[in-house]
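Everything below concerns the one structure shown next.
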Amino acid sequence: MADDVSRIHQLMMVSGGVASRSTLLSLGATARMIDRARSAQILQSVRRGIYASAEADLDQRRAVRLGGKVACLSALRRHRIWAGTDTRLHVCVRRSAHDLHIDEAARVGAPATIQRSDTNFIADRGAPRVHWQRSELRELESPSYQGDWLMPPLISLRQAVVCQNEEHAIASIDSALRTRFVTEAQIDRLFTQLPARLRHLRAEIDATADSGNETVVRVRLRRAGFVVETQFPIPGTSKFDLLIDGVVTLDVDSKRWHGDDGQISWDFDKTLCSFAAGLPSLRILPRHIYESWPRTLAIISRTVFEAKELRDFRRMRPR
Ligand SMILES: [Zn+2]
């Protein structure tokens, strides 16, 4: 009997903490094993025919209770893919779904006081963003043990591209490519399945971006007319995120918790190395991107303008 229970526990781990009765049966469980695991409270019924084990987190339980799956931004975040700034739970339900119990799902979620990080991705309390399953996208799917509660990678990415604004959509694709969550060939397929209004984003993808915030800044600067190189090397230090118009380096500090002494010391040295190479250097934080962009852009523009003026002046000056 203990063996039955531990076997079920193993299968639940493989399935990511949530599995349907039919999945468990297809993986070799028997009805008797499932009954025993339920009486031993290894399995908890979250919805008719779908069970959760103790490993299941709040996002999984909320999505399944709603009759759906973790999708879109919530799915990407579980894989540590950039998913913008919307921290609601994104759920995908079948076209035929009804009686969604949104109120029930809205009552639970991470309290706003919780500090987010790469490993703490649980969605906020409040009404989830509901996506409706589209059967024509089935060809983007590949079977997975987590199919009972999680949308597949490429469908999640497509949902995230359509669900976000353009700069965050590009950042999600950059991030998915950089982390090898998807391949270039899959991105080709993704673009054939996107609405025509979004196909032009293809030209703005750059998988060398170190972070979503870096992508957002790159996209904004290029759209503002700057020539932006990415991952620019300068001798003696690590690569700069961006080189603007060939004259100013820019680093985007993405980590809000970026603050240990070693890193700060490295960043000071990095700034000096840039100036030593004749390139003024700027360093910005997420708040400079999302809370005061017009001012940030004005500062970047002025720094770049003056650096170009100085470069041109030196070129004209007789030696
Ligand atoms: Zn969404």
*Which ones in segment 5-27 are farther than 17 Å from A54 by Cβ and either in the same structural domain as H79 (by TED's automatic domain parsing) or open to solvent by less than 50 Å² (accessible area, probe 1.4 Å) (or both)?*
S20, T23, L27
*Restricting segment 151-175 to residues that are modelled with pLDDT of 95 or more and not in a helix (DSSP H, G or I), the residue that is farthest from the ligand (Cβ to nearest atom)*: N165
*Report, by residue number, each residue of segment 70-81 that is open to solvent by 10 Å² or more (accessible area, probe 1.4 Å) and within 16 Å of the ligand (Cβ to nearest atom).*
R77, R78, H79
*Quick one: R158 ticks every box in (1) of a type in the set (K, R); (2) farther than 30 Å from G49 by Cα; (3) without any contact (Cβ under 8 Å) to a residue 40 or more places away in the chain except a single one, so which number is it?*
(2)
*If we keep just the residues of segment 183-211 that are assigned to a loop (DSSP other than H, G, I, E, B) and out of contact with any Lys or Arg (no Cβ under 9 Å at 6 or more places or on another chain), which is nearest to P152 (Cα to Cα)?*
T183
*asked:* Any residue at all in segment 18-39 that's closer than 23 Å to N120 by Cβ and at pLDDT 95 or above?
replied: yes
*How many residues does segment 91-129 contain that are under 18 Å from the mean Cα position of the chain (by Cα), at pLDDT 70 or above and hydrophobic (A, V, I, L, M, F, W, C)?*
5
*Is at least one residue of segment 229-242 over 22 Å from A307 (Cβ atoms) and either open to solvent by 40 Å² or more (accessible area, probe 1.4 Å) or not in a helix (DSSP H, G or I) (or both)?*
no
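So, of the residues in segment 176-188 that are crowded, with 16+ Cβ neighbours inside 10 Å and within 13 Å of the chain's Cα centre (by Cα), which turns out to be nearest to the ligand (Cβ to nearest atom)? Show your work before the answer.
From segment 176-188, those crowded, with 16+ Cβ neighbours inside 10 Å are 176-178, 181-182, 186-187; that's our starting set.
From the residues that got through so far, the ones that are within 13 Å of the chain's Cα centre (by Cα) too are 176-178, 181-182.
On the way: A176: 15, L177: 20, R178: 21, F181: 16, V182: 17 Å.
Ranking the qualifying residues of segment 176-188, first place goes to A176.
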_Single residue of R88, R80 found to be more than 13 Å from W149 (Cα to Cα) and touching a Pro at 6+ places or on another chain (Cβ under 8 Å)_ = R88
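Given the structure, is V248 of a type in the set (A, V, I, L, M), surrounded by 12 or more Cβ atoms within 10 Å (Cβ to Cβ) and over 25 Å from the mean Cα position of the chain (by Cα)?
Values: of a type in the set (A, V, I, L, M): yes; surrounded by 12 or more Cβ atoms within 10 Å (Cβ to Cβ): yes; over 25 Å from the mean Cα position of the chain (by Cα): yes.
Yes.
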*Can you tell which of Q44, Q60 is away from the ligand (no atom under 16 Å from the Cβ) and surrounded by fewer than 21 Cβ atoms within 10 Å (Cβ to Cβ)?*
Q44
*asked:* Suppose we filter G84, G67 for residues that are open to solvent by less than 60 Å² (accessible area, probe 1.4 Å), on the phi > 0 side of the Ramachandran plot and within 16 Å of the ligand (Cβ to nearest atom); which single one remains?
replied: G84
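For residues that are farther than 30 Å from T249 by Cβ and under 19 Å from the mean Cα position of the chain (by Cα), tally how many sit in segment 189-216.
Qualifying residue count for the region: 4.
The values are calculated or read from the model by the stated rules, or taken from the named source; none is laboratory data. Just so it is clear, the model here is predicted, and its values are computed rather than measured. Neighbour counts run over all protein chains shown; Cβ positions are idealised from the backbone, glycine included. Note: areas computed on protein heavy atoms with side chains; ligands, DNA, RNA excluded. Shrake-Rupley method; radii C 1.70, N 1.55, O 1.52, S 1.80 Å.
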